[in-house]
Amino acid sequence: MTIEVRVPTLGESVTEATVATWFKKPGDTVAVDEMLCELETDKVTVEVPAPAAGTLSDIVAAEGETVGVDALLANIAEGEGAAPAPKAEAPKQEAPAASGGGAGKSIDVMVPTLGESVTEATVATWFKSVGDSVEQDEMLCELETDKVSVEVPAPAAGVLAEIVAAEGATVDASAKLAVITSGGAAPKAAPEANAQAADGKAYTATTPGKDVEDAPSAKKAMAEAGISRDQVTGTGRDGRVMKEDVAKAVSSASAAPKASAPAAAPRAPSPAEDAAREERVKMTRLRQTIARRLKDAQNTAAILTTYNEVDMTEVMALRNTYKDQFEKKHGVRMGFMSFFTKACCHALKEVPEVNAEIDGTDIVYKNFVHMGVAAGTPQGLVVPVIRDADQMSFAEIEKAIAEKGRRARDGKLSMAEMQGGTFTISNGGVYGSLMSSPILNPPQSGILGMHKIQDRPMVINGEIKIRPMMYLALSYDHRIVDGKGAVTFLVRVKEALEDPRRLLMDL
(Lines give C-alpha, C1' and ligand atoms only; values in the text may rest on other atoms or scores of the structure.)
Protein backbone atom coordinates (compact mmCIF):
# COMPACT_ATOMS: atom_id res chain seq x y z
CA MET A 1 0.00 0.00 0.00
CA THR A 2 1.35 3.42 -0.97
CA ILE A 3 0.99 6.35 1.45
CA GLU A 4 1.32 9.88 0.08
CA VAL A 5 3.41 12.50 1.92
CA ARG A 6 1.94 15.94 1.30
CA VAL A 7 2.74 19.53 2.32
CA PRO A 8 1.08 20.28 5.68
CA THR A 9 -0.84 23.47 6.49
CA LEU A 10 1.75 26.25 6.49
CA GLY A 11 -0.10 28.88 8.45
CA GLU A 12 -2.15 31.98 7.85
CA SER A 13 -1.47 33.75 4.50
CA VAL A 14 1.35 31.30 3.61
CA THR A 15 0.62 29.57 0.29
CA GLU A 16 3.94 28.05 -0.73
CA ALA A 17 7.22 26.77 0.61
CA THR A 18 10.65 25.64 -0.56
CA VAL A 19 11.96 22.13 0.08
CA ALA A 20 15.10 22.85 2.09
CA THR A 21 16.47 19.46 3.18
CA TRP A 22 15.57 15.79 2.80
CA PHE A 23 16.62 13.72 5.82
CA LYS A 24 15.82 10.44 4.02
CA LYS A 25 16.50 9.08 0.53
CA PRO A 26 14.53 6.59 -1.61
CA GLY A 27 14.87 3.09 -0.20
CA ASP A 28 15.33 4.21 3.40
CA THR A 29 13.17 2.72 6.12
CA VAL A 30 11.07 5.24 8.03
CA ALA A 31 9.06 5.06 11.26
CA VAL A 32 5.77 6.80 12.06
CA ASP A 33 6.32 10.51 12.76
CA GLU A 34 10.01 10.30 11.83
CA MET A 35 11.11 13.54 10.16
CA LEU A 36 11.37 13.17 6.39
CA CYS A 37 12.18 16.68 5.18
CA GLU A 38 12.21 20.33 6.11
CA LEU A 39 10.31 23.10 4.31
CA GLU A 40 11.12 26.79 4.44
CA THR A 41 8.52 29.56 4.11
CA ASP A 42 8.94 33.32 4.37
CA LYS A 43 7.93 33.07 8.05
CA VAL A 44 8.82 29.72 9.59
CA THR A 45 10.59 26.42 9.02
CA VAL A 46 8.27 23.39 8.92
CA GLU A 47 9.32 19.79 9.48
CA VAL A 48 7.33 17.09 7.67
CA PRO A 49 6.89 13.81 9.61
CA ALA A 50 6.19 10.40 8.09
CA PRO A 51 2.44 9.65 8.20
CA ALA A 52 3.13 5.88 8.38
CA ALA A 53 5.93 3.35 8.79
CA GLY A 54 7.43 1.72 5.73
CA THR A 55 9.97 2.47 3.02
CA LEU A 56 10.44 5.80 1.22
CA SER A 57 9.78 4.62 -2.34
CA ASP A 58 10.33 7.91 -4.20
CA ILE A 59 10.79 11.65 -3.71
CA VAL A 60 8.53 13.81 -5.88
CA ALA A 61 9.70 17.31 -4.80
CA ALA A 62 13.49 17.59 -4.68
CA GLU A 63 15.51 20.01 -2.56
CA GLY A 64 15.20 23.59 -3.80
CA GLU A 65 11.77 23.10 -5.40
CA THR A 66 8.87 25.42 -4.53
CA VAL A 67 5.65 23.62 -3.56
CA GLY A 68 2.16 24.72 -2.62
CA VAL A 69 -0.08 23.67 0.25
CA ASP A 70 -1.10 19.98 0.02
CA ALA A 71 1.38 19.34 -2.81
CA LEU A 72 2.78 15.80 -3.10
CA LEU A 73 6.27 15.52 -1.63
CA ALA A 74 6.97 11.79 -1.64
CA ASN A 75 5.47 8.29 -1.42
CA ILE A 76 5.91 5.68 1.30
CA ALA A 77 5.45 1.97 0.61
CA GLU A 78 3.68 0.59 3.66
CA GLY A 79 3.69 -3.08 4.68
CA GLU A 80 6.15 -5.85 5.45
CA GLY A 81 6.84 -6.67 1.79
CA ALA A 82 7.87 -3.15 0.89
CA ALA A 83 11.29 -3.33 2.45
CA PRO A 84 13.30 -5.22 5.06
CA ALA A 85 11.91 -4.92 8.56
CA PRO A 86 12.54 -1.35 9.77
CA LYS A 87 15.05 -1.07 12.59
CA ALA A 88 12.80 1.36 14.39
CA GLU A 89 10.09 -1.30 14.64
CA ALA A 90 12.17 -3.66 16.78
CA PRO A 91 11.84 -1.82 20.09
CA LYS A 92 8.15 -1.27 19.42
CA GLN A 93 7.47 -4.97 19.90
CA GLU A 94 8.68 -4.87 23.50
CA ALA A 95 5.93 -2.61 24.85
CA PRO A 96 2.96 -4.78 23.78
CA ALA A 97 4.77 -7.88 25.04
CA ALA A 98 5.31 -6.23 28.42
CA SER A 99 1.62 -5.40 28.62
CA GLY A 100 0.70 -9.05 28.45
CA GLY A 101 -1.82 -8.42 25.69
CA GLY A 102 0.27 -9.01 22.60
CA ALA A 103 -2.35 -7.28 20.41
CA GLY A 104 -1.26 -3.74 21.18
CA LYS A 105 0.49 -1.44 18.73
CA SER A 106 3.34 0.82 19.80
CA ILE A 107 3.09 4.49 18.85
CA ASP A 108 5.99 6.87 19.34
CA VAL A 109 5.36 10.28 20.91
CA MET A 110 7.70 12.69 19.15
CA VAL A 111 8.68 16.28 19.85
CA PRO A 112 6.21 18.47 17.91
CA THR A 113 7.31 21.20 15.54
CA LEU A 114 8.94 23.83 17.75
CA GLY A 115 9.01 26.68 15.25
CA GLU A 116 11.49 28.77 13.36
CA SER A 117 15.09 28.69 14.66
CA VAL A 118 14.18 26.50 17.66
CA THR A 119 16.28 23.33 17.64
CA GLU A 120 15.87 21.95 21.15
CA ALA A 121 13.65 22.02 24.22
CA THR A 122 13.64 20.95 27.86
CA VAL A 123 11.06 18.51 29.24
CA ALA A 124 9.46 20.59 31.99
CA THR A 125 6.60 18.46 33.37
CA TRP A 126 5.08 15.05 32.72
CA PHE A 127 1.34 15.00 33.42
CA LYS A 128 1.15 11.22 33.05
CA SER A 129 3.14 8.32 34.52
CA VAL A 130 4.17 5.03 32.97
CA GLY A 131 1.16 2.70 33.05
CA ASP A 132 -1.45 5.47 32.93
CA SER A 133 -4.26 5.26 30.42
CA VAL A 134 -4.41 8.20 28.01
CA GLU A 135 -7.01 9.50 25.59
CA GLN A 136 -6.21 10.80 22.15
CA ASP A 137 -5.12 14.47 22.27
CA GLU A 138 -4.84 14.34 26.09
CA MET A 139 -1.85 16.37 27.29
CA LEU A 140 1.12 14.13 28.15
CA CYS A 141 3.87 16.58 28.98
CA GLU A 142 5.02 20.18 28.65
CA LEU A 143 8.21 21.31 26.92
CA GLU A 144 10.03 24.58 27.48
CA THR A 145 11.92 26.29 24.68
CA ASP A 146 13.76 29.59 24.78
CA LYS A 147 10.62 31.27 23.44
CA VAL A 148 7.42 29.47 24.43
CA SER A 149 6.05 26.49 26.35
CA VAL A 150 4.72 23.65 24.19
CA GLU A 151 2.20 21.05 25.35
CA VAL A 152 2.52 17.59 23.79
CA PRO A 153 -0.78 15.76 23.17
CA ALA A 154 -1.20 11.99 22.89
CA PRO A 155 -1.26 10.95 19.20
CA ALA A 156 -3.60 8.05 20.03
CA ALA A 157 -5.54 6.48 22.89
CA GLY A 158 -3.88 3.72 24.86
CA VAL A 159 -1.44 3.19 27.71
CA LEU A 160 1.75 5.14 28.35
CA ALA A 161 4.21 2.23 28.11
CA GLU A 162 7.52 4.09 28.32
CA ILE A 163 8.90 7.56 29.04
CA VAL A 164 12.06 8.08 27.01
CA ALA A 165 12.84 11.69 27.97
CA ALA A 166 12.36 12.38 31.67
CA GLU A 167 11.74 15.75 33.28
CA GLY A 168 14.77 18.00 32.97
CA ALA A 169 16.09 16.24 29.86
CA THR A 170 17.05 18.33 26.84
CA VAL A 171 15.66 16.98 23.56
CA ASP A 172 16.17 18.03 19.96
CA ALA A 173 13.42 18.83 17.48
CA SER A 174 13.13 15.24 16.19
CA ALA A 175 13.52 13.31 19.45
CA LYS A 176 11.23 10.63 20.81
CA LEU A 177 9.58 11.49 24.13
CA ALA A 178 7.59 8.38 24.97
CA VAL A 179 5.87 5.26 23.68
CA ILE A 180 2.11 4.60 23.83
CA THR A 181 0.67 1.11 23.52
CA SER A 182 -2.71 1.21 21.82
CA GLY A 183 -5.17 -1.66 22.04
CA GLY A 184 -3.32 -3.44 24.87
CA ALA A 185 -3.84 -3.71 28.60
CA ALA A 186 -2.10 -1.38 31.00
CA PRO A 187 1.27 -2.81 32.09
CA LYS A 188 1.19 -3.65 35.78
CA ALA A 189 4.89 -3.48 36.51
CA ALA A 190 5.55 -0.48 34.32
CA PRO A 191 5.08 2.19 37.00
CA GLU A 192 7.87 0.58 39.01
CA ALA A 193 10.30 0.70 36.11
CA ASN A 194 12.11 4.00 36.29
CA ALA A 195 13.24 5.93 33.24
CA GLN A 196 16.62 7.55 33.61
CA ALA A 197 16.74 11.31 33.59
CA ALA A 198 19.49 13.28 31.93
CA ASP A 199 21.34 13.63 35.22
CA GLY A 200 21.19 9.91 35.99
CA LYS A 201 18.36 10.14 38.54
CA ALA A 202 15.39 7.80 38.26
CA TYR A 203 12.03 9.11 37.09
CA THR A 204 9.17 7.67 39.12
CA ALA A 205 5.42 7.96 39.06
CA THR A 206 4.27 11.43 40.00
CA THR A 207 2.76 11.89 43.44
CA PRO A 208 1.61 15.19 44.90
CA GLY A 209 4.42 17.02 46.61
CA LYS A 210 7.14 14.65 45.37
CA ASP A 211 9.14 14.58 42.14
CA VAL A 212 6.86 17.28 40.73
CA GLU A 213 8.47 20.19 38.92
CA ASP A 214 7.16 23.27 40.68
CA ALA A 215 6.64 26.53 38.83
CA PRO A 216 9.95 28.46 38.46
CA SER A 217 8.26 31.56 39.93
CA ALA A 218 7.24 29.47 42.96
CA LYS A 219 10.80 28.21 43.47
CA LYS A 220 12.08 31.75 43.39
CA ALA A 221 9.39 32.93 45.81
CA MET A 222 10.19 30.09 48.25
CA ALA A 223 13.88 30.95 48.11
CA GLU A 224 13.19 34.63 48.77
CA ALA A 225 10.80 33.85 51.63
CA GLY A 226 13.19 31.30 53.16
CA ILE A 227 10.61 28.52 53.38
CA SER A 228 10.97 24.88 52.35
CA ARG A 229 8.90 22.91 49.86
CA ASP A 230 7.30 20.90 52.69
CA GLN A 231 5.76 24.06 54.15
CA VAL A 232 3.74 24.78 50.99
CA THR A 233 0.65 22.96 49.75
CA GLY A 234 0.58 22.85 45.96
CA THR A 235 -2.71 23.48 44.17
CA GLY A 236 -1.38 23.08 40.63
CA ARG A 237 -1.52 20.04 38.41
CA ASP A 238 -0.32 16.88 40.23
CA GLY A 239 0.34 18.93 43.36
CA ARG A 240 2.63 21.38 41.57
CA VAL A 241 3.40 24.44 43.71
CA MET A 242 2.43 27.74 42.11
CA LYS A 243 3.48 31.25 43.09
CA GLU A 244 0.10 31.90 44.71
CA ASP A 245 0.58 28.86 46.99
CA VAL A 246 3.84 30.31 48.30
CA ALA A 247 2.16 33.65 49.01
CA LYS A 248 -0.56 31.86 51.03
CA ALA A 249 2.02 29.88 53.00
CA VAL A 250 4.00 33.03 53.80
CA SER A 251 0.89 34.93 54.94
CA SER A 252 -0.21 31.99 57.11
CA ALA A 253 3.21 31.75 58.71
CA SER A 254 3.32 35.48 59.46
CA ALA A 255 -0.16 35.37 61.00
CA ALA A 256 0.75 32.55 63.40
CA PRO A 257 1.78 33.72 66.89
CA LYS A 258 5.49 33.47 67.52
CA ALA A 259 6.83 32.41 70.89
CA SER A 260 9.00 35.03 72.46
CA ALA A 261 12.60 33.99 72.98
CA PRO A 262 15.50 35.77 74.63
CA ALA A 263 17.61 37.69 72.18
CA ALA A 264 20.72 35.75 71.26
CA ALA A 265 24.07 37.39 70.93
CA PRO A 266 24.78 38.35 67.32
CA ARG A 267 27.00 35.87 65.53
CA ALA A 268 28.32 36.03 62.01
CA PRO A 269 27.16 32.94 60.07
CA SER A 270 29.82 30.80 58.46
CA PRO A 271 29.97 30.42 54.65
CA ALA A 272 28.90 26.78 55.02
CA GLU A 273 25.80 27.82 56.97
CA ASP A 274 24.92 30.41 54.32
CA ALA A 275 25.40 27.82 51.57
CA ALA A 276 23.04 25.43 53.33
CA ARG A 277 20.30 28.05 53.16
CA GLU A 278 20.80 28.82 49.47
CA GLU A 279 18.89 27.26 46.62
CA ARG A 280 20.27 27.00 43.11
CA VAL A 281 17.64 26.85 40.36
CA LYS A 282 18.48 26.47 36.68
CA MET A 283 17.27 29.33 34.52
CA THR A 284 14.43 28.43 32.18
CA ARG A 285 15.09 28.71 28.48
CA LEU A 286 12.70 31.65 28.29
CA ARG A 287 14.60 33.47 31.05
CA GLN A 288 17.94 32.73 29.33
CA THR A 289 16.60 34.17 26.09
CA ILE A 290 15.26 37.27 27.84
CA ALA A 291 18.64 37.83 29.47
CA ARG A 292 20.52 37.37 26.21
CA ARG A 293 18.23 39.62 24.14
CA LEU A 294 18.24 42.43 26.70
CA LYS A 295 22.04 42.38 26.86
CA ASP A 296 22.30 42.23 23.07
CA ALA A 297 20.06 45.31 22.87
CA GLN A 298 22.37 47.25 25.19
CA ASN A 299 25.45 46.13 23.30
CA THR A 300 24.06 46.87 19.83
CA ALA A 301 21.79 49.92 20.00
CA ALA A 302 22.67 53.43 21.19
CA ILE A 303 19.86 53.55 23.75
CA LEU A 304 18.81 56.92 25.11
CA THR A 305 15.71 57.76 27.19
CA THR A 306 13.69 60.96 27.26
CA TYR A 307 10.99 61.69 29.84
CA ASN A 308 7.78 63.67 30.12
CA GLU A 309 4.66 63.66 32.26
CA VAL A 310 1.02 63.57 31.31
CA ASP A 311 -2.06 64.83 33.13
CA MET A 312 -4.52 61.90 33.05
CA THR A 313 -7.54 63.97 34.13
CA GLU A 314 -9.33 64.02 30.77
CA VAL A 315 -8.67 60.37 29.93
CA MET A 316 -9.91 59.25 33.34
CA ALA A 317 -13.02 61.43 33.07
CA LEU A 318 -13.80 60.10 29.58
CA ARG A 319 -13.27 56.54 30.75
CA ASN A 320 -15.52 56.97 33.80
CA THR A 321 -18.26 58.50 31.68
CA TYR A 322 -18.44 55.77 29.04
CA LYS A 323 -16.92 52.63 30.59
CA ASP A 324 -20.29 51.03 31.45
CA GLN A 325 -21.78 51.69 28.01
CA PHE A 326 -18.52 50.58 26.38
CA GLU A 327 -18.49 47.25 28.21
CA LYS A 328 -22.18 46.64 27.58
CA LYS A 329 -21.84 47.20 23.83
CA HIS A 330 -18.43 45.63 23.14
CA GLY A 331 -18.21 43.01 25.88
CA VAL A 332 -14.81 44.19 27.09
CA ARG A 333 -13.73 46.68 29.75
CA MET A 334 -12.30 50.02 28.71
CA GLY A 335 -8.77 50.44 30.01
CA PHE A 336 -6.01 52.97 29.52
CA MET A 337 -3.99 50.82 27.08
CA SER A 338 -6.29 51.57 24.13
CA PHE A 339 -5.79 55.32 24.67
CA PHE A 340 -2.02 54.92 24.82
CA THR A 341 -2.00 52.63 21.79
CA LYS A 342 -4.05 55.12 19.76
CA ALA A 343 -1.90 58.03 20.92
CA CYS A 344 1.30 56.19 19.93
CA CYS A 345 -0.11 55.26 16.50
CA HIS A 346 -0.87 58.94 15.81
CA ALA A 347 2.56 60.05 17.03
CA LEU A 348 4.33 57.38 14.94
CA LYS A 349 2.76 58.78 11.78
CA GLU A 350 4.33 62.17 12.52
CA VAL A 351 7.70 60.74 13.61
CA PRO A 352 8.09 57.62 11.40
CA GLU A 353 11.74 56.98 12.36
CA VAL A 354 10.56 55.79 15.80
CA ASN A 355 8.59 53.10 13.94
CA ALA A 356 11.54 52.12 11.72
CA GLU A 357 14.49 49.77 12.08
CA ILE A 358 18.09 49.51 10.89
CA ASP A 359 19.01 46.73 8.47
CA GLY A 360 22.72 46.89 7.76
CA THR A 361 23.26 50.28 6.14
CA ASP A 362 19.55 50.71 5.31
CA ILE A 363 16.71 52.26 7.29
CA VAL A 364 13.45 50.34 6.89
CA TYR A 365 10.39 52.55 7.45
CA LYS A 366 7.21 50.68 8.36
CA ASN A 367 3.99 52.10 6.92
CA PHE A 368 1.99 50.15 9.48
CA VAL A 369 2.02 49.71 13.25
CA HIS A 370 2.35 46.25 14.76
CA MET A 371 2.14 47.19 18.43
CA GLY A 372 3.96 45.05 20.97
CA VAL A 373 2.38 45.08 24.44
CA ALA A 374 4.74 43.78 27.12
CA ALA A 375 3.09 41.35 29.54
CA GLY A 376 4.48 39.84 32.71
CA THR A 377 3.95 36.08 33.22
CA PRO A 378 5.17 33.60 35.85
CA GLN A 379 7.77 32.44 33.32
CA GLY A 380 9.03 35.93 32.46
CA LEU A 381 8.31 38.95 30.31
CA VAL A 382 6.78 38.31 26.88
CA VAL A 383 5.71 40.79 24.20
CA PRO A 384 2.67 39.67 22.17
CA VAL A 385 2.07 41.74 19.04
CA ILE A 386 -1.20 43.39 17.99
CA ARG A 387 -0.95 43.56 14.22
CA ASP A 388 -2.15 46.66 12.33
CA ALA A 389 -3.09 48.41 15.56
CA ASP A 390 -3.27 51.71 13.66
CA GLN A 391 -6.29 50.37 11.75
CA MET A 392 -8.18 49.19 14.85
CA SER A 393 -10.88 50.85 16.95
CA PHE A 394 -10.70 51.33 20.71
CA ALA A 395 -12.87 48.23 21.24
CA GLU A 396 -10.80 46.08 18.88
CA ILE A 397 -7.59 47.12 20.65
CA GLU A 398 -9.02 46.34 24.10
CA LYS A 399 -10.28 42.93 22.93
CA ALA A 400 -6.91 42.10 21.36
CA ILE A 401 -4.98 43.16 24.49
CA ALA A 402 -7.29 41.12 26.77
CA GLU A 403 -6.99 38.03 24.58
CA LYS A 404 -3.20 38.26 24.23
CA GLY A 405 -2.87 38.83 27.96
CA ARG A 406 -4.87 35.68 28.77
CA ARG A 407 -2.86 33.58 26.33
CA ALA A 408 0.39 34.96 27.73
CA ARG A 409 -0.54 34.10 31.33
CA ASP A 410 -1.64 30.60 30.26
CA GLY A 411 1.58 30.07 28.29
CA LYS A 412 -0.40 29.56 25.07
CA LEU A 413 1.22 32.26 22.92
CA SER A 414 2.72 31.02 19.68
CA MET A 415 5.96 32.41 18.33
CA ALA A 416 4.09 33.99 15.43
CA GLU A 417 2.14 36.08 17.95
CA MET A 418 5.38 37.51 19.37
CA GLN A 419 7.13 38.35 16.10
CA GLY A 420 6.99 41.29 13.73
CA GLY A 421 6.39 44.12 16.21
CA THR A 422 7.42 47.63 15.11
CA PHE A 423 6.98 49.49 18.44
CA THR A 424 6.40 48.41 22.04
CA ILE A 425 4.48 49.72 25.06
CA SER A 426 5.50 48.54 28.53
CA ASN A 427 3.25 49.32 31.51
CA GLY A 428 5.30 49.14 34.68
CA GLY A 429 2.62 51.12 36.46
CA VAL A 430 0.59 47.98 37.13
CA TYR A 431 3.37 46.92 39.52
CA GLY A 432 3.65 50.36 41.14
CA SER A 433 6.64 51.71 39.20
CA LEU A 434 6.88 55.50 39.39
CA MET A 435 9.65 55.93 36.80
CA SER A 436 11.94 53.64 34.81
CA SER A 437 14.02 53.47 31.62
CA PRO A 438 12.72 50.62 29.43
CA ILE A 439 15.14 48.64 27.23
CA LEU A 440 14.52 48.35 23.49
CA ASN A 441 13.05 45.21 21.99
CA PRO A 442 15.37 44.63 18.96
CA PRO A 443 15.18 45.33 16.10
CA GLN A 444 12.67 48.02 17.09
CA SER A 445 13.87 51.59 17.54
CA GLY A 446 11.44 52.75 20.24
CA ILE A 447 9.62 51.63 23.38
CA LEU A 448 7.24 53.65 25.55
CA GLY A 449 7.27 53.09 29.31
CA MET A 450 4.06 53.81 31.23
CA HIS A 451 4.06 54.22 35.01
CA LYS A 452 1.69 54.53 37.95
CA ILE A 453 -0.83 57.36 38.15
CA GLN A 454 -0.16 59.47 41.22
CA ASP A 455 -1.88 62.58 42.53
CA ARG A 456 0.56 65.49 42.59
CA PRO A 457 0.21 69.26 43.10
CA MET A 458 0.40 71.05 39.73
CA VAL A 459 0.21 74.73 38.83
CA ILE A 460 -2.83 75.21 36.54
CA ASN A 461 -3.49 78.77 35.33
CA GLY A 462 -1.58 80.18 38.29
CA GLU A 463 -3.35 78.00 40.85
CA ILE A 464 -2.11 74.90 42.63
CA LYS A 465 -4.38 71.94 41.90
CA ILE A 466 -4.14 68.22 42.63
CA ARG A 467 -3.97 66.28 39.37
CA PRO A 468 -3.50 62.58 38.52
CA MET A 469 -0.08 62.57 36.84
CA MET A 470 1.91 59.86 35.08
CA TYR A 471 5.54 59.89 34.05
CA LEU A 472 6.23 58.70 30.50
CA ALA A 473 9.59 57.40 29.29
CA LEU A 474 10.59 56.87 25.67
CA SER A 475 13.73 54.81 25.11
CA TYR A 476 14.95 55.04 21.53
CA ASP A 477 17.86 54.03 19.31
CA HIS A 478 19.89 57.21 18.87
CA ARG A 479 21.50 55.74 15.74
CA ILE A 480 18.26 56.31 13.83
CA VAL A 481 16.16 58.64 16.04
CA ASP A 482 17.44 62.13 16.83
CA GLY A 483 16.62 63.91 20.07
CA LYS A 484 14.22 66.25 18.30
CA GLY A 485 12.19 63.36 16.90
CA ALA A 486 12.08 61.54 20.24
CA VAL A 487 10.92 64.62 22.15
CA THR A 488 8.36 65.44 19.45
CA PHE A 489 6.96 61.91 19.63
CA LEU A 490 6.58 62.05 23.41
CA VAL A 491 4.99 65.50 23.30
CA ARG A 492 2.43 64.29 20.72
CA VAL A 493 1.53 61.35 22.96
CA LYS A 494 1.16 63.74 25.90
CA GLU A 495 -1.05 66.13 23.90
CA ALA A 496 -3.32 63.32 22.68
CA LEU A 497 -3.83 61.96 26.20
CA GLU A 498 -4.43 65.33 27.81
CA ASP A 499 -7.04 66.15 25.14
CA PRO A 500 -8.44 62.81 23.81
CA ARG A 501 -10.56 64.69 21.28
CA ARG A 502 -7.36 65.06 19.23
CA LEU A 503 -7.43 61.29 18.64
CA LEU A 504 -10.92 61.51 17.11
CA MET A 505 -9.91 64.44 14.90
CA ASP A 506 -6.56 62.87 13.87
CA LEU A 507 -4.58 65.83 15.23
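Taking the stretch 120-140 only, how many residues are surrounded by 20 or more Cβ atoms within 10 Å (Cβ to Cβ) and either free of Cβ contacts under 8 Å to residues at least 60 places away in the same chain or not in a strand (DSSP E or B) (or both)?
Residues flagged as surrounded by 20 or more Cβ atoms within 10 Å (Cβ to Cβ) and either free of Cβ contacts under 8 Å to residues at least 60 places away in the same chain or not in a strand (DSSP E or B) (or both) within the stretch 120-140 amount to 5.
Of the residues in the stretch 142-165, how many are in contact (Cβ under 8 Å) with a residue 24 or more places away in the chain, under 20 Å from Arg407 (Cβ atoms), not charged (D, E, K, R) and not in a loop (DSSP other than H, G, I, E, B)?
Final tally of qualifying residues: 4.
Can you spot a residue in the stretch 141-156 that is at pLDDT below 80, surrounded by fewer than 17 Cβ atoms within 10 Å (Cβ to Cβ), of a type in the set (Val, Ile, Thr) and on the phi < 0 side of the Ramachandran plot?
Checking the stretch 141-156: not a single residue is at pLDDT below 80, surrounded by fewer than 17 Cβ atoms within 10 Å (Cβ to Cβ), of a type in the set (Val, Ile, Thr) and on the phi < 0 side of the Ramachandran plot.
Being modelled with pLDDT of 85 or more and surrounded by fewer than 15 Cβ atoms within 10 Å (Cβ to Cβ), is that true of even one residue in the stretch 38-54?
no
Do any strands (runs of 3 or more DSSP E) entirely within the stretch 412-474 hold 1 or more residues that are crowded, with 17+ Cβ neighbours inside 10 Å and in contact (Cβ under 8 Å) with a residue 60 or more places away in the chain, and if so, which?
Strands (runs of 3 or more DSSP E) meeting the threshold: 423-427, 446-450.
Output the number of the condition that Ala61 fails; it satisfies all remaining conditions of (1) at pLDDT 85 or above; (2) in a strand (DSSP E or B).
Looking at each condition in turn, Ala61 falls short on (2).
Kindly indicate whether Thr306 is among the polar types (S, T, N, Q) and at pLDDT below 75.
No: the conditions fail for Thr306.
In the stretch 166-181, what residues are crowded, with 20+ Cβ neighbours inside 10 Å and under 21 Å from Val30 (Cα atoms)?
Leu177, Ala178, Val179, Ile180, Thr181 - these are the residues of the stretch 166-181 that are crowded, with 20+ Cβ neighbours inside 10 Å and under 21 Å from Val30 (Cα atoms).
Go through the stretch 108-148 and give me each residue that's within 25 Å of Ala416 (Cβ to Cβ), in contact with a helix residue (DSSP H, G or I) (Cβ under 8 Å, 6 or more places away or on another chain) and of a type outside the set (A, V, I, L, M).
Passing the criteria: Gly115, Glu116, Thr122, Thr125, Glu144, Thr145, Asp146, Lys147.
The values are calculated or read from the model by the stated rules, or taken from the named source; none is laboratory data. No experiment lies behind these values; they were computed from the predicted model shown. Virtual Cβ from ideal backbone geometry, glycine too; neighbours counted across all protein chains shown.
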